[in-house]
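To start, the structure under review is shown below, and the notes come after it.
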Amino acid sequence: MVETVAETALQQTGVRLTPQRLAIAGVLAQTGKETSAQELYERVRKRHAYIGRATVFRSLDRLVSAGLAQRLERPGHVSAYIWCEPGHHHHLICTTCRTVEDLDEGAVAPLAETIARQRGFRVDHATLDFYGECRTCASRHPRGRATRRAAR
């Protein structure tokens, strides 16, 4: 089913379908968490031993340019990727369990309106990713951890 979703998305965005690209997109879509290119390469190689590391990097770049994936930054300036449904949105990224949740443009629009009103700056495009702990992870940790992290 996931490969069907990935295949449909690739077709809808005009990305050329290759067996390698379909395999990479399918694994990324199935992951549900932010994943480095190396982690994705290792997962794809389990089922498709013929895929090379360079193919994974090129395919990720193509998926990002088509709007089907987004590049995120991990600590240490390491890139990670998440599968995205077409359409503009933002992300909530849990730094503990690495899950990523889409955040609708409607949640961010008031900020852009405030910027326009207060600064006279017309926002054409914004990409916002919020890093922190998801509800599940936050409920597992004492409140003091978040306070310590904010004090750094």
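The values are calculated or read from the model by the stated rules, or taken from the named source; none is laboratory data. Bear in mind the structure is a predicted one, so any value in this text is a computation, not a measurement. All Cβ positions, glycine included, derive from the backbone under ideal geometry; neighbour counts span all protein chains shown. The area values use the complete protein model at the heavy-atom level, side chains included, leaving out ligands, DNA and RNA. Shrake-Rupley method; radii C 1.70, N 1.55, O 1.52, S 1.80 Å.
Using the structure shown, decide if T114 is out of contact with any Gly (no Cβ under 8 Å at 6 or more places or on another chain) and at pLDDT 85 or above.
Yes, satisfied.
For residues in segment 28-47 being open to solvent by 10 Å² or more (accessible area, probe 1.4 Å) and at pLDDT 90 or above, which is nearest to the chain's Cα centre (by Cα)? Break it down stepwise before answering.
Within segment 28-47, the first condition is being open to solvent by 10 Å² or more (accessible area, probe 1.4 Å), and the residues that meet it are 29-34, 36, 38-39, 41-43, 45-47.
With at pLDDT 90 or above added as a condition, the list becomes 36, 38-39, 41-43, 45-46.
Numbers: S36: 10, Q38: 15, E39: 14, Y41: 16, E42: 18, R43: 17, R45: 21, K46: 22 Å.
In this case the residue turns out to be S36.
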